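First up is the structure itself, then whatever we jot down about it.
Just so it is clear, none of the values below were taken in a lab; they were calculated from the coordinates. Keep in mind that this is a model prediction, so the values were computed, not measured. Positions of Cβ are generated from backbone atoms using ideal geometry, with glycine treated the same way; all protein chains shown enter the neighbour counts.
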Amino acid sequence: MEDTRLGSILLEGGIVQEADLDRCLLIQSMTGGTRPIGEILVEQRLLDAAILKRLLELQRSRVALRRAEIASTDAMSSTLLRDAVANGASEIVVSEGRAVRIRVAGEWRELTSEPVRGPEVWDFVRETMGGEVLEELADRHYVVRPWQDAQYGKGAAMAFRQFDGVAVRLTFVAARAKTAAEAGLPPAIVELARAGRGLILLVGERGVGRTEVLAPLLQVCTADAGHYAIALCDEPMPLPEAGALVAFRQLGLSPADRAASLRTALREDPDVLAIAEVGDPETFDLALRAAEGGRLVLACVDASNVVAALHRVLDFYPAYDVPRVRANLAAALKAVLVRHQLPGAERVECAIASELLTVDDTVRETLRTGDLGNLGVLLRMEGGRCGYSLDQSLLDLLVAGQVRVEDVFLRAEEKAWLLERARNLQTATR
């Protein structure tokens, strides 16, 4: 959730240095703590009054956005689910001693004004996940299982223990899979999925939106009725209704369970594998070997950009084994697609920013022996043949008016470049 404190907003935007902010906070504390920090910043000539006014407006808007449009009136599970759906939530978190929160258009908002009590959380867990879950939590730190409600949809649920007691997180899954166009998938990825061979890495932040990208790609690569595909995922996923036979399997949360699930799937000799998590050495190595064997492997891993994803993968292996893995990646990898969910300008729907690397001869040689940082340079080149950078995608969204500059600024790698380009393009269109 975005921080609503003025000091945090100043640091996020790089408007003041941390040392200067600390000095002003010290002045505030020495003068009784009653003077507004903004007044002190202006007095110390770190801000002017006009900038302070705009920052205070942003602060007020953030406070307003923290609250859901439709507030919940009680903590009954049916009420919370109903109101979460009415607000267009993709996730809901119910935790002892805290207000209920929902994720809407990529932002966290408070669904209730008051914290929920332990018995209310326990009732929510029982009603959504089953009566035995609390007993299982006595022996385990967390329990994960699918949930489904006839009125309010379906998804994955995780109940877990924390210092304050018990909490539960529910995700909502769409009833039908989006098409590749609706999901905003680049045509290059669609064509590579249709070709049906090699490894496509799908990269995102903390696992958000995995099924949103896996489901449409499965529709593309299973159009041939003669193929056999297996989807390995721990939350429900809308599967293709026509074309190839698609089997759904639980992946598992621990590295050992994921590796075991993938080995079992490989024994069935599928043509296509869709894997919702390859963020550990054994699971990734099995996925890479499967792709080397001529299958299409759609594999998800958490990272912020293309270069970070590849570095994370190579860090799975000891130094002596890295040259082998780099050679195998150069042979099997077809593309890396990074997707970030940003709040849309109207705060109603998410906007998708992406970064794409497609593997050509230059990229292949860099994967074998070069500095992976050079891939970032290739992506930032004008008219690049091997894809495009995240900053370019963020700039396109900003110029089109689909996102706010403060949301883009936080994710941009070259912040000065992006702000200068945005100003230049906006000036040119006036």
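With a simple spin-label model that places each label point 7 Å from the Cα along the Cα-to-Cβ direction, the separation between residue 399 and residue 179 comes to 2.7 nm.
For region 347-363, putting each phi into the Karplus relation 6.51 cos²θ - 1.76 cosθ + 1.60 with θ = phi - 60° gives couplings of 6, 9, 10, 7, 10, 9, 9, 9, 9, 10, 10, 9, 8, 10, 4, 5, 5 Hz, in residue order, rounded to whole numbers and with x for Gly and Pro. 3J(HN,Hα) along region 132-141, derived from phi through the Karplus expression 6.51 cos²θ - 1.76 cosθ + 1.60 where θ = phi - 60°, amounts to 8, 5, 4, 5, 5, 5, 5, 9, 10, 6 Hz, with x in place of Gly and Pro.
Sequence-distant or interchain residues sharing an amide H contact under 5 Å with residue 228, placed H: which? Residues meeting the amide H criterion: 271, 272.
Computed from the C-beta positions of residue 256 and residue 374 and an R0 of 41 Å, the FRET efficiency is 0.70 to the nearest 0.05. All C-alpha to C-alpha distances of region 77-171, sorted into 5 Å bins beginning at zero, yield P(r) values of 3, 14, 27, 27, 19, 8, 2, 0 percent in whole numbers. Of 406, 277, 292, which is the most mobile in a GNM of the chain whose springs link Cα atoms less than 10 angstrom apart? Largest GNM mean-square fluctuation: 406.
What shape does region 187-388 have by the C-alpha gyration tensor, where a ≥ b ≥ c are the square roots of the eigenvalues, rounded means a/c under 1.5, and otherwise prolate means a/b greater than b/c and oblate the rest? Since a/c stays below 1.5, the shape of region 187-388 is classed as rounded.
With 10 angstrom as the radius, rank 171, 179, 369 by how many other C-beta atoms surround their C-beta, starting from the fewest. Could you put the intermediate results ahead of the total?
Values: 171 22, 179 13, 369 10.
Ordered from fewest to most neighbouring Cβ atoms within 10 Å, 171, 179, 369 come out as 369, 179, 171.
Tell me, what are the semi-axes, in whole angstrom and largest first, of the equivalent ellipsoid of the chain as set by the roots of 5 times the Cα gyration tensor eigenvalues?
Square roots of five times the eigenvalues give 38, 31, 20 Å.
Residues 163, 284 in ascending order of nearby Cβ atoms (within 10 Å, fewest first): 163, 284. Kirkwood radius, region 312-401, all distinct C-alpha pairs, inverse of mean reciprocal distance: 14.6 Å. Say R0 is 60 Å: what FRET efficiency, to the nearest 0.05, do residue 51 and residue 282 get from their beta-carbon distance? Plugging the Cβ-Cβ distance into 1/(1 + (r/R0)^6) gives 0.70. In summary, the aspartates and glutamates within cross-link reach of residue 415, defined as a Cα separation below 13 angstrom excluding same-chain residues under 8 places away, comprise 12, 391, 406, 407.
For region 71-152, the set of GluC sites (Glu not before Pro) satisfying both a DSSP loop assignment and a count of at most 12 other C-beta atoms within 10 Å is given as 132. Comparing mean-square fluctuations of 104, 168, 377 from a GNM of the chain with C-alpha springs under 10 Å, the top value falls on 377. Using a Förster distance of 25 Å, how high is the FRET efficiency between residue 413 and residue 20, based on the Cβ-Cβ distance and rounded to 0.05? Once the sixth-power term is evaluated, E becomes 0.50.
Can you tell me which lysines have their Cα less than 22 Å from the Cα of residue 154? Leave out same-chain residues fewer than eight positions away. Answer for residue 154, where 22 Å is the Cα cut-off: 178, listed by chain and number. The GNM of the chain, with springs linking C-alpha atoms under 10 angstrom apart, assigns the highest mean-square fluctuation among 29, 304, 389 to 29.
At 0.36 nm per residue, and after removing the present C-alpha to C-alpha distance, how many nm does the segment from residue 346 to residue 324 gain when stretched out fully?
Details: separation 22, 0.36 × 22 = 7.92 nm, distance 4.79 nm.
Here the answer is 3.1 nm.
When 306, 246 are sorted by how many other C-beta atoms sit within 10 angstrom of their C-beta, beginning with the fewest, the order is 246, 306. Between the amide H of residue 166 and those of 96, distances stay under 5 Å, these residues lying 5 or more places away or on another chain, with hydrogens modeled in the peptide plane.
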